[in-house]
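Encoded as structure tokens, the structure appears first; notes follow it.
Just so it is clear, none of the values below were taken in a lab; they were calculated from the coordinates. Just so we're clear, the structure is a prediction, and the values are computed from it rather than from any experiment. Here the Cβ positions follow ideal geometry from the backbone for every residue, glycine too, while neighbour counts run over all protein chains shown.
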């Protein structure tokens, strides 16, 4: 008697499990296009354009900014110098270029860049 009750219960549980709809997990992330900034953009939201002198020359390739923040797809070992005195989080309140502006000739790579912080391109300070 007990064995037949267990068999019926097991059959009912199997039928119930088979009839249950399966849920599919969905994850969607959309970050849009990287800002079009002449000297690069800060690596934190809202990703405002950074002024000339914030990023060191290693952040540029042929005068084109290689990226920062969620758009950066460089090697995990990448690091580059920034001058955080040009960062609003560190008190900078000077002029910032607008999106879509073009850099002044020779302003991207400067011979007298003075970096005071090392960043990894993804918003993390990795050294000084």
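Below is a table of values for the structure above.
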| item | result |
| --- | --- |
| Burial ordering of 122, 102, fewest other beta-carbon atoms within 10 Å first | 102, 122 |
| Rel. contact order, % - alpha carbon contacts under 8 angstrom, at least six apart, the stretch 57-127 | 44 |
| Cα convex hull volume per residue for the stretch 57-127 (Å³) | 117 |
| Extension gain from residue 125 to residue 33, taking 0.36 nm per residue of separation minus the Cα-Cα distance | 30.7 nm |
| Estimated inter-spin distance, residue 73 and residue 114, nm [label 7 Å along Cα→Cβ] | 3.7 |
